[in-house]
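Worksheet: one structure, shown below.
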Amino acid sequence: MPSTASTAPVATTSARGPMASLERASASLLWILVLARVAIMLIAVVSFERETPTEPTIVRFHELGTSDARPWRDEAIEFPPLQILAIDALTGADVAATASRLVVVWLVADLGAALILGTTWGRRTAAAYLVLGLPLAPFVATSLDVATVALTVGGVALAVRARQRGGGVLLAGAALARLWPALLIVSLAVSGRRRAARWFAVSLGAGVAGWVAWGGVGAPRQVVTFRGATGWEIGRTGVRSYGL
Amino acid sequence: MTGGPIRDDAGAFRVGSASAWQSALLGAGFLACAFAIAWQQQRARARPDGRVALALVASLLFFSPIVSAPYVTWLVPWAAIAWSKEDDAAALAFTFAVCIATVVPNGLTDSLILFQLVTIARNLLVGWLVARVALGVPRPRPEPSESP
(Lines give C-alpha, C1' and ligand atoms only; values in the text may rest on other atoms or scores of the structure.)
Protein backbone atom coordinates (compact mmCIF):
# COMPACT_ATOMS: atom_id res chain seq x y z
CA MET A 1 0.00 0.00 0.00
CA PRO A 2 1.46 3.39 -0.94
CA SER A 3 2.37 5.58 1.94
CA THR A 4 0.38 8.68 2.83
CA ALA A 5 3.47 10.77 2.27
CA SER A 6 3.74 9.74 -1.41
CA THR A 7 0.06 10.28 -2.24
CA ALA A 8 -0.90 13.27 -0.09
CA PRO A 9 2.09 15.46 0.58
CA VAL A 10 -0.11 18.45 1.47
CA ALA A 11 -1.98 16.51 4.15
CA THR A 12 1.32 15.26 5.57
CA THR A 13 2.72 18.75 5.72
CA SER A 14 -0.38 20.10 7.45
CA ALA A 15 -0.26 17.25 9.99
CA ARG A 16 3.36 17.94 10.80
CA GLY A 17 2.55 20.75 13.24
CA PRO A 18 0.24 18.82 15.58
CA MET A 19 2.34 15.66 15.23
CA ALA A 20 5.49 17.56 16.14
CA SER A 21 3.70 19.01 19.18
CA LEU A 22 2.59 15.54 20.22
CA GLU A 23 6.14 14.25 19.78
CA ARG A 24 7.50 17.07 21.95
CA ALA A 25 4.82 16.45 24.61
CA SER A 26 5.64 12.74 24.54
CA ALA A 27 9.36 13.43 24.95
CA SER A 28 8.63 15.83 27.84
CA LEU A 29 6.42 13.22 29.53
CA LEU A 30 9.18 10.64 29.22
CA TRP A 31 11.69 12.98 30.86
CA ILE A 32 9.27 13.79 33.70
CA LEU A 33 8.71 10.09 34.34
CA VAL A 34 12.45 9.41 34.32
CA LEU A 35 13.16 12.34 36.66
CA ALA A 36 10.42 11.16 39.03
CA ARG A 37 12.24 7.85 39.37
CA VAL A 38 15.59 9.53 39.93
CA ALA A 39 13.93 11.61 42.67
CA ILE A 40 12.50 8.46 44.30
CA MET A 41 15.95 6.88 44.24
CA LEU A 42 17.59 9.95 45.81
CA ILE A 43 14.92 10.34 48.51
CA ALA A 44 15.19 6.65 49.37
CA VAL A 45 19.00 6.70 49.64
CA VAL A 46 18.94 9.83 51.83
CA SER A 47 16.25 8.34 54.07
CA PHE A 48 18.29 5.14 54.44
CA GLU A 49 21.23 7.26 55.65
CA ARG A 50 19.03 8.91 58.28
CA GLU A 51 17.17 5.85 59.51
CA THR A 52 18.06 2.19 59.13
CA PRO A 53 15.37 0.51 57.00
CA THR A 54 13.33 -2.20 58.68
CA GLU A 55 11.35 -3.44 55.69
CA PRO A 56 11.37 -7.27 55.93
CA THR A 57 12.63 -7.87 52.38
CA ILE A 58 15.65 -5.61 52.81
CA VAL A 59 16.47 -7.15 56.19
CA ARG A 60 16.09 -10.63 54.70
CA PHE A 61 18.37 -9.77 51.75
CA HIS A 62 21.01 -8.42 54.15
CA GLU A 63 20.75 -11.51 56.35
CA LEU A 64 21.23 -13.79 53.36
CA GLY A 65 24.11 -11.72 51.98
CA THR A 66 26.02 -11.79 55.24
CA SER A 67 25.27 -15.42 56.09
CA ASP A 68 28.02 -18.04 55.82
CA ALA A 69 25.49 -20.83 55.44
CA ARG A 70 25.34 -22.67 52.13
CA PRO A 71 22.09 -21.64 50.41
CA TRP A 72 19.25 -24.22 50.36
CA ARG A 73 21.43 -26.91 51.96
CA ASP A 74 22.21 -25.34 55.33
CA GLU A 75 19.10 -23.16 55.53
CA ALA A 76 15.81 -22.92 53.65
CA ILE A 77 15.75 -20.07 51.13
CA GLU A 78 12.81 -18.77 49.10
CA PHE A 79 14.84 -17.17 46.29
CA PRO A 80 16.11 -18.80 43.06
CA PRO A 81 19.85 -19.00 42.35
CA LEU A 82 20.35 -15.90 40.19
CA GLN A 83 18.63 -13.77 42.80
CA ILE A 84 20.88 -15.22 45.51
CA LEU A 85 23.93 -14.32 43.40
CA ALA A 86 22.58 -10.78 43.01
CA ILE A 87 21.89 -10.50 46.75
CA ASP A 88 25.45 -11.63 47.51
CA ALA A 89 26.85 -9.05 45.10
CA LEU A 90 24.68 -6.22 46.43
CA THR A 91 25.08 -6.77 50.16
CA GLY A 92 26.80 -3.83 51.82
CA ALA A 93 28.45 -3.22 55.18
CA ASP A 94 25.07 -2.68 56.85
CA VAL A 95 21.35 -2.84 56.06
CA ALA A 96 21.28 0.80 54.91
CA ALA A 97 24.12 0.21 52.43
CA THR A 98 22.39 -2.89 51.09
CA ALA A 99 19.11 -0.97 50.70
CA SER A 100 20.84 1.87 48.85
CA ARG A 101 22.45 -0.55 46.40
CA LEU A 102 19.10 -2.25 45.80
CA VAL A 103 17.49 1.09 44.96
CA VAL A 104 20.24 1.97 42.48
CA VAL A 105 19.80 -1.43 40.80
CA TRP A 106 16.03 -0.83 40.67
CA LEU A 107 16.53 2.52 38.92
CA VAL A 108 18.95 1.09 36.36
CA ALA A 109 16.71 -1.93 35.71
CA ASP A 110 13.54 0.16 35.42
CA LEU A 111 15.07 2.61 32.97
CA GLY A 112 16.74 -0.27 31.15
CA ALA A 113 13.39 -2.02 30.71
CA ALA A 114 11.86 1.23 29.41
CA LEU A 115 14.75 1.63 26.97
CA ILE A 116 14.29 -1.90 25.62
CA LEU A 117 10.54 -1.37 25.29
CA GLY A 118 11.15 1.93 23.50
CA THR A 119 13.67 0.56 21.04
CA THR A 120 11.72 -2.63 20.32
CA TRP A 121 8.04 -1.66 20.57
CA GLY A 122 8.21 2.12 20.26
CA ARG A 123 8.19 5.24 22.40
CA ARG A 124 4.48 4.93 23.21
CA THR A 125 5.17 1.56 24.83
CA ALA A 126 8.03 2.95 26.91
CA ALA A 127 5.87 5.88 28.04
CA ALA A 128 3.01 3.54 29.01
CA TYR A 129 5.43 1.35 30.96
CA LEU A 130 6.80 4.33 32.86
CA VAL A 131 3.31 5.70 33.62
CA LEU A 132 1.94 2.34 34.82
CA GLY A 133 4.97 1.65 36.98
CA LEU A 134 5.12 5.05 38.67
CA PRO A 135 2.59 4.39 41.48
CA LEU A 136 4.37 1.13 42.27
CA ALA A 137 7.85 2.62 42.24
CA PRO A 138 8.16 3.65 45.93
CA PHE A 139 6.92 0.20 46.96
CA VAL A 140 9.17 -1.94 44.76
CA ALA A 141 12.41 0.02 44.73
CA THR A 142 14.13 -2.28 47.22
CA SER A 143 13.05 -5.54 45.62
CA LEU A 144 14.81 -7.24 42.73
CA ASP A 145 11.58 -7.84 40.81
CA VAL A 146 12.07 -4.95 38.40
CA ALA A 147 15.52 -6.36 37.54
CA THR A 148 13.77 -9.60 36.59
CA VAL A 149 11.24 -7.62 34.54
CA ALA A 150 14.12 -5.98 32.64
CA LEU A 151 15.74 -9.38 31.93
CA THR A 152 12.41 -10.81 30.78
CA VAL A 153 11.61 -7.84 28.55
CA GLY A 154 15.11 -8.19 27.08
CA GLY A 155 14.58 -11.89 26.40
CA VAL A 156 11.19 -11.38 24.73
CA ALA A 157 12.55 -8.42 22.73
CA LEU A 158 15.37 -10.57 21.36
CA ALA A 159 12.99 -13.42 20.54
CA VAL A 160 10.51 -11.23 18.62
CA ARG A 161 13.39 -9.52 16.79
CA ALA A 162 14.47 -12.87 15.31
CA ARG A 163 17.30 -13.39 17.78
CA GLN A 164 15.71 -16.46 19.21
CA ARG A 165 18.80 -18.10 20.67
CA GLY A 166 19.68 -15.02 22.73
CA GLY A 167 16.03 -14.56 23.68
CA GLY A 168 15.71 -18.14 24.91
CA VAL A 169 18.93 -17.97 26.92
CA LEU A 170 18.03 -14.60 28.48
CA LEU A 171 14.54 -15.79 29.40
CA ALA A 172 16.06 -18.86 31.04
CA GLY A 173 18.33 -16.54 33.03
CA ALA A 174 15.30 -14.51 34.09
CA ALA A 175 13.51 -17.70 35.13
CA LEU A 176 16.50 -18.57 37.33
CA ALA A 177 16.06 -15.19 39.06
CA ARG A 178 12.28 -15.47 39.41
CA LEU A 179 10.11 -18.32 38.18
CA TRP A 180 7.37 -16.38 36.35
CA PRO A 181 9.38 -15.45 33.19
CA ALA A 182 9.16 -19.13 32.19
CA LEU A 183 5.50 -18.46 31.33
CA LEU A 184 6.47 -16.19 28.46
CA ILE A 185 8.14 -19.04 26.61
CA VAL A 186 4.66 -20.58 26.22
CA SER A 187 3.36 -17.64 24.18
CA LEU A 188 6.63 -17.43 22.21
CA ALA A 189 6.47 -21.16 21.36
CA VAL A 190 2.79 -20.92 20.35
CA SER A 191 3.69 -18.02 18.03
CA GLY A 192 6.18 -20.29 16.25
CA ARG A 193 9.41 -19.26 17.95
CA ARG A 194 10.41 -22.85 18.59
CA ARG A 195 14.14 -22.12 18.46
CA ALA A 196 13.80 -19.71 21.38
CA ALA A 197 11.87 -22.41 23.26
CA ARG A 198 14.59 -25.00 22.62
CA TRP A 199 17.37 -22.67 23.81
CA PHE A 200 15.26 -21.74 26.79
CA ALA A 201 14.77 -25.41 27.71
CA VAL A 202 18.46 -26.28 27.30
CA SER A 203 19.66 -23.23 29.24
CA LEU A 204 17.11 -23.64 32.00
CA GLY A 205 17.90 -27.35 32.27
CA ALA A 206 21.61 -26.63 32.62
CA GLY A 207 20.93 -23.89 35.16
CA VAL A 208 18.60 -26.05 37.26
CA ALA A 209 21.09 -28.94 37.14
CA GLY A 210 23.84 -26.68 38.48
CA TRP A 211 21.46 -25.25 41.07
CA VAL A 212 20.43 -28.69 42.33
CA ALA A 213 24.06 -29.87 42.39
CA TRP A 214 24.96 -26.88 44.58
CA GLY A 215 21.81 -26.49 46.68
CA GLY A 216 20.47 -30.04 46.79
CA VAL A 217 17.37 -31.65 45.29
CA GLY A 218 15.10 -29.82 47.74
CA ALA A 219 16.23 -26.38 46.58
CA PRO A 220 13.57 -25.82 43.86
CA ARG A 221 10.84 -26.97 46.24
CA GLN A 222 11.95 -24.39 48.84
CA VAL A 223 11.57 -21.66 46.23
CA VAL A 224 8.23 -22.83 44.79
CA THR A 225 6.68 -23.18 48.26
CA PHE A 226 8.26 -20.00 49.75
CA ARG A 227 10.16 -22.06 52.33
CA GLY A 228 7.07 -24.15 52.97
CA ALA A 229 4.81 -21.18 53.77
CA THR A 230 1.14 -22.14 53.66
CA GLY A 231 -0.55 -18.89 54.70
CA TRP A 232 -2.63 -16.54 52.55
CA GLU A 233 -0.91 -13.21 52.00
CA ILE A 234 -3.02 -10.20 52.93
CA GLY A 235 -1.62 -7.88 50.30
CA ARG A 236 0.40 -5.73 52.61
CA THR A 237 3.97 -6.69 51.79
CA GLY A 238 4.37 -3.39 49.96
CA VAL A 239 4.08 -1.46 53.22
CA ARG A 240 6.54 1.36 52.85
CA SER A 241 9.41 1.60 55.23
CA TYR A 242 10.96 4.86 54.15
CA GLY A 243 9.48 8.31 54.16
CA LEU A 244 7.87 8.46 50.72
CA MET B 1 -12.69 -16.54 56.88
CA THR B 2 -9.10 -17.83 56.67
CA GLY B 3 -8.71 -17.92 60.45
CA GLY B 4 -5.83 -17.12 62.74
CA PRO B 5 -3.91 -13.92 63.46
CA ILE B 6 -1.78 -12.04 60.92
CA ARG B 7 1.81 -13.26 60.99
CA ASP B 8 5.09 -12.67 59.16
CA ASP B 9 5.62 -15.86 57.19
CA ALA B 10 8.49 -16.20 54.67
CA GLY B 11 8.71 -12.45 54.18
CA ALA B 12 4.98 -11.79 53.76
CA PHE B 13 2.11 -10.95 56.09
CA ARG B 14 -0.20 -13.93 55.99
CA VAL B 15 -3.25 -15.38 57.64
CA GLY B 16 -4.58 -18.90 57.91
CA SER B 17 -3.18 -21.89 56.11
CA ALA B 18 -3.88 -23.37 52.68
CA SER B 19 -4.71 -27.06 52.79
CA ALA B 20 -3.32 -29.51 50.24
CA TRP B 21 -6.60 -29.67 48.28
CA GLN B 22 -6.82 -25.87 48.15
CA SER B 23 -3.27 -25.63 46.79
CA ALA B 24 -4.03 -28.40 44.28
CA LEU B 25 -7.19 -26.56 43.17
CA LEU B 26 -5.27 -23.32 42.67
CA GLY B 27 -2.58 -25.16 40.69
CA ALA B 28 -5.18 -26.85 38.49
CA GLY B 29 -6.95 -23.54 37.91
CA PHE B 30 -3.70 -21.90 36.86
CA LEU B 31 -2.83 -24.71 34.44
CA ALA B 32 -6.33 -24.67 32.94
CA CYS B 33 -6.17 -20.89 32.40
CA ALA B 34 -2.66 -21.03 30.92
CA PHE B 35 -3.81 -23.74 28.52
CA ALA B 36 -6.93 -21.76 27.56
CA ILE B 37 -4.87 -18.62 26.92
CA ALA B 38 -2.37 -20.52 24.77
CA TRP B 39 -5.27 -22.12 22.87
CA GLN B 40 -6.87 -18.73 22.24
CA GLN B 41 -3.52 -17.37 21.08
CA GLN B 42 -3.09 -20.25 18.65
CA ARG B 43 -6.68 -19.94 17.43
CA ALA B 44 -6.46 -16.20 16.79
CA ARG B 45 -2.79 -16.23 15.74
CA ALA B 46 -2.27 -13.47 18.30
CA ARG B 47 1.06 -11.83 19.01
CA PRO B 48 2.93 -13.33 21.97
CA ASP B 49 3.99 -10.17 23.75
CA GLY B 50 0.83 -8.11 24.34
CA ARG B 51 -2.42 -9.10 25.97
CA VAL B 52 -1.60 -12.80 25.74
CA ALA B 53 1.58 -12.32 27.80
CA LEU B 54 -0.37 -10.07 30.17
CA ALA B 55 -3.05 -12.74 30.66
CA LEU B 56 -0.48 -15.50 31.23
CA VAL B 57 1.32 -13.54 33.95
CA ALA B 58 -1.98 -12.37 35.46
CA SER B 59 -3.17 -15.99 35.67
CA LEU B 60 -0.15 -16.83 37.83
CA LEU B 61 -0.95 -13.91 40.14
CA PHE B 62 -4.67 -14.73 40.25
CA PHE B 63 -4.06 -18.27 41.45
CA SER B 64 -1.12 -17.43 43.71
CA PRO B 65 -1.60 -17.23 47.48
CA ILE B 66 0.44 -14.02 47.44
CA VAL B 67 0.13 -10.81 45.40
CA SER B 68 2.26 -7.85 46.43
CA ALA B 69 3.44 -4.66 44.73
CA PRO B 70 6.69 -6.20 43.38
CA TYR B 71 4.65 -8.99 41.78
CA VAL B 72 2.29 -6.52 40.11
CA THR B 73 5.30 -5.01 38.28
CA TRP B 74 5.43 -8.26 36.29
CA LEU B 75 2.23 -7.17 34.48
CA VAL B 76 3.37 -3.71 33.46
CA PRO B 77 5.43 -4.21 30.26
CA TRP B 78 2.87 -6.52 28.63
CA ALA B 79 0.03 -4.11 29.36
CA ALA B 80 2.08 -1.34 27.76
CA ILE B 81 2.66 -3.48 24.65
CA ALA B 82 -1.02 -4.53 24.51
CA TRP B 83 -2.02 -0.87 24.46
CA SER B 84 0.55 0.36 21.97
CA LYS B 85 0.55 -2.60 19.56
CA GLU B 86 -2.97 -4.04 19.91
CA ASP B 87 -4.88 -0.83 20.67
CA ASP B 88 -6.04 -2.52 23.86
CA ALA B 89 -6.90 0.45 26.06
CA ALA B 90 -8.76 -1.86 28.45
CA ALA B 91 -5.56 -3.78 29.20
CA LEU B 92 -3.82 -0.52 30.06
CA ALA B 93 -6.71 0.80 32.15
CA PHE B 94 -7.26 -2.44 34.07
CA THR B 95 -3.54 -2.86 34.77
CA PHE B 96 -3.29 0.73 35.96
CA ALA B 97 -6.27 0.08 38.25
CA VAL B 98 -4.53 -3.05 39.56
CA CYS B 99 -1.38 -0.99 40.28
CA ILE B 100 -3.38 1.65 42.15
CA ALA B 101 -5.46 -0.91 44.05
CA THR B 102 -2.23 -2.63 45.12
CA VAL B 103 -0.66 0.44 46.71
CA VAL B 104 -3.80 2.17 48.06
CA PRO B 105 -4.44 -0.44 50.82
CA ASN B 106 -1.15 0.64 52.42
CA GLY B 107 -2.98 3.79 53.48
CA LEU B 108 -6.11 1.90 54.58
CA THR B 109 -4.67 -0.20 57.38
CA ASP B 110 -6.95 1.57 59.89
CA SER B 111 -10.08 0.59 58.00
CA LEU B 112 -10.42 -3.15 57.63
CA ILE B 113 -13.52 -2.98 55.43
CA LEU B 114 -11.96 -0.53 52.96
CA PHE B 115 -8.74 -2.52 52.96
CA GLN B 116 -10.62 -5.71 52.13
CA LEU B 117 -12.85 -4.08 49.51
CA VAL B 118 -9.92 -2.57 47.62
CA THR B 119 -7.93 -5.79 47.84
CA ILE B 120 -10.88 -7.87 46.60
CA ALA B 121 -11.48 -5.38 43.77
CA ARG B 122 -7.80 -5.65 42.81
CA ASN B 123 -8.02 -9.43 42.72
CA LEU B 124 -11.17 -9.30 40.56
CA LEU B 125 -9.41 -6.96 38.14
CA VAL B 126 -6.50 -9.39 37.88
CA GLY B 127 -9.05 -12.15 37.23
CA TRP B 128 -10.63 -10.09 34.47
CA LEU B 129 -7.25 -9.63 32.78
CA VAL B 130 -7.10 -13.43 32.59
CA ALA B 131 -10.74 -14.12 31.68
CA ARG B 132 -10.96 -11.64 28.80
CA VAL B 133 -8.25 -13.57 26.93
CA ALA B 134 -8.88 -17.11 28.22
CA LEU B 135 -12.54 -16.81 27.19
CA GLY B 136 -11.67 -15.10 23.94
CA VAL B 137 -13.17 -11.72 24.89
CA PRO B 138 -12.11 -9.72 23.00
CA ARG B 139 -10.42 -11.87 20.41
CA PRO B 140 -6.74 -10.89 20.09
CA ARG B 141 -5.72 -9.18 16.88
CA PRO B 142 -3.44 -11.25 14.60
CA GLU B 143 0.27 -10.76 15.04
CA PRO B 144 1.72 -8.57 12.26
CA SER B 145 4.23 -10.33 10.04
CA GLU B 146 6.84 -7.57 10.11
CA SER B 147 9.35 -7.10 12.89
CA PRO B 148 8.60 -4.22 15.28
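The values are calculated or read from the model by the stated rules, or taken from the named source; none is laboratory data. All figures in this text were calculated on a predicted structure; none of them were measured in a lab. Virtual Cβ from ideal backbone geometry, glycine too; neighbours counted across all protein chains shown. Please note that ligands, DNA and RNA were not included when accessible areas were found on the heavy atoms of the full protein model with its side chains. Shrake-Rupley method; radii C 1.70, N 1.55, O 1.52, S 1.80 Å.
How much length would be gained if the chain were fully extended between A:ARG60 and A:VAL212, taking 0.36 nm per residue of separation minus their Cα-Cα distance, in nm to one decimal?
Additional length available on full extension: 52.5 nm.
FRET efficiency for A:ARG198 and A:ALA89, Cβ-Cβ distance as r, R0 = 22 Å, nearest 0.05? Once the sixth-power term is evaluated, E becomes 0.15.
Across peptide A:152-165, the average count of Cβ atoms from other chains found within 10 Å of a residue's Cβ is 2.
With a 1.4 Å probe and all protein chains in place, put A:LEU35, A:LEU151 in order of accessible area, largest first.
Values: A:LEU35 110, A:LEU151 60 Å².
Output order, biggest surface exposure first: A:LEU35, A:LEU151.
Site pair B:THR109 and A:THR52 shows an inter-label distance of 2.0 nm when each label is modelled 7 Å from Cα along Cα→Cβ. Protein heavy-atom surface of the range B:36-122, 1.4 angstrom probe: 66% of the accessible area is carbon and sulfur, with nucleic acids and ligands not counted.
Hey, can you rank B:72-79, A:173-180 by average C-beta count inside 10 Å, highest first? Walk me through the numbers on the way to the answer.
On the way: B:72-79: 27.9, A:173-180: 22.4.
Top of the packing list down: B:72-79, A:173-180.
Tell me, what is the per residue accessible area of the range A:94-195 in Å², probe radius 1.4 Å? Intermediate results must be reported in sequence, preceding the final value.
Working: 3070 Å² over 102 residues.
That works out to 30 Å² per residue.
Protein heavy-atom surface of chain A, 1.4 angstrom probe: 64% of the accessible area is carbon and sulfur, with nucleic acids and ligands not counted.
Which of the peptides A:48-54, A:97-103 is most tightly packed, and how do the rest follow, going by the mean number of other Cβ atoms within 10 Å of each residue? Intermediate results must be reported in sequence, preceding the final value.
Details: A:48-54: 14.4, A:97-103: 22.9.
Taking the mean over residues of other Cβ atoms within 10 Å, the ranking is A:97-103, A:48-54.
How high is the FRET efficiency from B:LEU135 to A:TRP31, r the C-beta distance, R0 45 Å, rounded to 0.05? All intermediate terms of the calculation are to be shown ahead of the outcome.
Values: r = 40 Å, r/R0 = 0.89.
Using R0 = 45 Å, I get an efficiency of 0.65.
When the accessible areas of B alone and A alone are added and the area of the pair subtracted, with a 1.4 Å probe, the result is around 5000 Å², both sides summed. Which parts of the range A:170-203, residue by residue, lose 50 Å² or more of accessible area when the rest of the protein chains are there, as against the chain isolated (1.4 Å probe)? In the range A:170-203, residues shielded by partner chains: A:TRP180, A:LEU183, A:LEU184, A:SER187, A:VAL190. Take the range B:20-148 with all the other protein chains still there, run a 1.4 Å probe, and you get 43 Å² of accessible area per residue.
For peptide A:221-227, how many partner chain Cβ atoms fall within 10 Å of a residue's Cβ, on average?
Details: counts 0, 1, 0, 0, 2, 8, 3.
For peptide A:221-227, the averaged partner shielding equals 2.
Put B:LEU125, B:LEU117 in order of accessible area, largest first, 1.4 Å probe: what do you get? Present the calculation step by step, with values, prior to reporting the outcome.
Numbers: B:LEU125 40, B:LEU117 105 Å².
From most exposed to least exposed: B:LEU117, B:LEU125.
Rounded to the nearest 0.05, what FRET efficiency do A:LEU42 and B:ARG43 give with R0 = 45 Å and r taken as the Cβ-Cβ distance? Could you check?
Working: r = 49 Å, r/R0 = 1.08.
After rounding, the FRET efficiency stands at 0.40.
Largest to smallest in accessible area, the residues A:VAL140, A:VAL169, A:VAL217 fall in the order A:VAL217, A:VAL169, A:VAL140 (1.4 Å probe, all protein chains included).
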